[in-house]
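Participant: Below are the structure tokens for one structure; questions will follow.
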Amino acid sequence: MDDRITRVNRRFLEWTGYNEADVVGRRFVDLLDPNTRVFYETRHVPILHREGETREVLLGLRLNDGALLPILLNSVLVLGDDDQPRLVRSAVFDATERSQYERELLAERRLAESAAARVQVLQNASVQFAGAQAEHDLADALNQMVGDALEATVSCVATVDAEGELEVIAGANPLEGLYAQADPRPGPDSLRDGTPIVFADTGELEGGYPEIAAAMRQAGFEGLASFPLLRDGSPFGVVAALFEQRRELEPTAIELVQAICRQAAQAFARIRLQEELAHLALYDQLTGLANRSLLREHIDSALAASARTTQPVAMMFLDLDGFKPVNDRLGHTTGDDVLREVAKRLRAVVRDSDVIGRFGGDEFIVLCPETDDAQAIVIAERLREAVARPMEWLPAGFAVSASVGVVIHCAIDGQKTTDELLEIADAEMYRAKNGGRNRVSVAETATAEAS
């Protein structure tokens with residue numbers, strides 16, 4: 001009952017490598033691995049004494065050569081004639097295969113739990129990305145998700161702008177300004193090859209990108225991971241994560257972020273397609289100016305603002321002189337080039353608050369909020385002069401100018417509708433054209449007098 005061994009069988013000695021003299025008289029607990037001794041003394045022995053038996057207690061038996069043998073221990077109390085416990089009889093079972101099975105089972109369970117967690121992350125990503133209506137909202141969600149998945153110190157999302165440079169649209173790039181090419185990608189090839197770039201520390205980074213490695217050390221970072229965003233197989237952006245300490249990323253973590261990036265790329269494509277469709281619905285495809293539908297919205301809005309503030313609003317109706325001969329004799333391609341050039345020139349001379357649109361054919365509208373008579377005439381003349389400048393690439397005998405009709409409206413003189421303003425401006429444009437072309441004709445809605 002004091003835990004000292006009184007008898008062992010041959011099989012026990014064969015398993016453990018001990019001689020009988022080595023174990024008889026020793027306490028059984030002394031043969032156990034230190035990691036299981038506490039459990040044996042605090043759980044197994046008290047339960048045995050209280051209930052009279054224990055079954056399948058998993059322990060570690062230290063063998064004579066120092067190796068560890070996993071065992072299952074069954075023990076019973078043997079009572080004397082006085083019905084008091086006299087000794088303990090124990091059976092030892094080799095649990096090596098069972099322990100290995102349990103370890104494998106635990107590993108499989110952890111893999112399953114990890115896989116379930118990854119599936120949940122991807123499901124959450126799908127919901128968040130599907131609900132994003134703007135690129136910045138989507139980028140914020142992507143940045144947060146990747147940062148959390150990798151437990152990054154800092155992360156950012158960048159997309160390629162019109163000049164082919166990366167522009168950070170979510171998160172922050174702490175390396176900004178610390179090296180010549182201030183973007184989060186590790187070198188110029190990381191976007192083009194379409195594969196993630198992972199560096200556990202700046203030592204790994206040093207071999208290919210010494211400038212970035214130096215910048216990371218200066219900023220206090222050690223590890224870096226970069227994941228491209230692909231559309232139709234071509235990269236259009238990148239998600240980058242930085243770590244203060246050396247970080248070896250697990251393959252499962254890399255695969256998870258790649259899957260997140262694939263979902264995000266699809267969402268980016270959806271949002272950009274929606275934006276393209278919305279742009280096509282509101283802007284002229286040839287010139288990029290507002291189309292008739294969007295122009296009417298702007299005019300309605302300007303008239304409403306004029307009614308609230310009593311500030312005047314001016315509108316110019318431009319029709320190109322000499323465009324028909326260009327279009328008919330030089331071809332529609334040249335005609336399209338002229339229209340694009342006119343749109344470019346109009347943009348260059350209006351104010352930031354003014355709205356330019358192509359009303360149809362060779363007709364253009366310029367809307368100028370909070371513009372009085374004097375200002376409107378100056379702007380109209382500037383527009384006329386811009387269009388009338390020679391287009392050197394046109395053959396001799398071909399020239400383009402503009403007849404401009406102007407209307408100035410103030411709500412205190414009586415509210416006008418969009419159609420009424422367009423009608424007045426159109427009439428003034430024809431007055432200018434009939435008066436000799438390449439000139440400006442102005443009407444003020446309060447007096448309806450033309451000049």
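Participant: Return the residue satisfying two criteria in turn: it lies in region 400-410 and is modelled with pLDDT of 95 or more and not β-branched (V, I, T), and of such residues it is surrounded by the fewest Cβ atoms within 10 Å (Cβ to Cβ).
Facilitator: Checking each candidate, the answer is S401.
Participant: From the list L330, L383, L303, which one is farther than 20 Å from K416 by Cα and buried (at least 17 other Cβ atoms within 10 Å of the Cβ)?
Facilitator: L383
Participant: Can you give me the number of residues within region 12-42 that are free of Cβ contacts under 8 Å to residues at least 60 places away in the same chain and surrounded by 13 or more Cβ atoms within 10 Å (Cβ to Cβ)?
Facilitator: Residues that pass the stated criteria total 18.
Participant: If a residue has to be over 14 Å from the mean Cα position of the chain (by Cα) and among the acidic types (D, E) to count, how many in region 113-154 make the cut?
Facilitator: So the answer is 2.
Participant: When you check V121 against the structure, is it outside any strand (DSSP E or B), outside the structural domain of I169 (by TED's automatic domain parsing) and touching a residue at least 24 places away in the same chain (Cβ under 8 Å), yes or no? So that I can check it myself, show each step before the final result.
Facilitator: Values: outside any strand (DSSP E or B): yes; outside the structural domain of I169 (by TED's automatic domain parsing): no; touching a residue at least 24 places away in the same chain (Cβ under 8 Å): yes.
The answer is no for V121.
Participant: Hey, F268 hits all of (1) closer than 30 Å to A152 by Cα; (2) modelled with pLDDT under 90; (3) not acidic (D, E) but one; which does it fall short on?
Facilitator: F268 satisfies all of (1) closer than 30 Å to A152 by Cα; (2) modelled with pLDDT under 90; (3) not acidic (D, E) except (2).
Participant: Quick check on my filter: what residues within region 424-437 are within 12 Å of H409 (Cβ to Cβ) and either free of Cβ contacts under 8 Å to residues at least 60 places away in the same chain or not assigned by TED's automatic domain parsing to the domain that holds A388 (or both)?
Facilitator: Passing the criteria: only I424.
Participant: Then there is this: Take the conditions within 24 Å of E97 (Cα to Cα) and either modelled with pLDDT under 90 or among the acidic types (D, E) (or both) and apply them to E56. Does it pass?
Facilitator: yes
Participant: Here's another thing I want to ask about it. Taking region 293-307 on its own, how many of its residues are of a type in the set (D, E, K, R) and in contact (Cβ under 8 Å) with a residue 24 or more places away in the chain?
Facilitator: Going through region 293-307 one residue at a time, the tally reaches 2.
Participant: Also: Within region 126-153, which residues are under 21 Å from M216 (Cα atoms) and crowded, with 17+ Cβ neighbours inside 10 Å?
Facilitator: Scanning region 126-153 gives N143, V146, G147, L150, A152, T153.
Participant: Could you tell me which of the residues Q311, Q258, Q274 is surrounded by fewer than 18 Cβ atoms within 10 Å (Cβ to Cβ) and part of a loop (DSSP other than H, G, I, E, B)?
Facilitator: Answer to the selection: Q311.
Participant: Then there is this: Considering only residues of region 45-97 that are in contact (Cβ under 8 Å) with a residue 24 or more places away in the chain and assigned to a loop (DSSP other than H, G, I, E, B), which is surrounded by the fewest Cβ atoms within 10 Å (Cβ to Cβ)?
Facilitator: D65
Participant: Also, I was wondering about something else. Within region 224-255, how many residues are surrounded by 22 or more Cβ atoms within 10 Å (Cβ to Cβ) and hydrophobic (A, V, I, L, M, F, W, C)?
Facilitator: Residues meeting the conditions: 10.
The values are calculated or read from the model by the stated rules, or taken from the named source; none is laboratory data. On a predicted model such as this, the values are computed, not experimentally measured, just so you know. Every residue, glycine among them, receives a Cβ derived from its backbone with ideal geometry; neighbour counts consider all protein chains shown.
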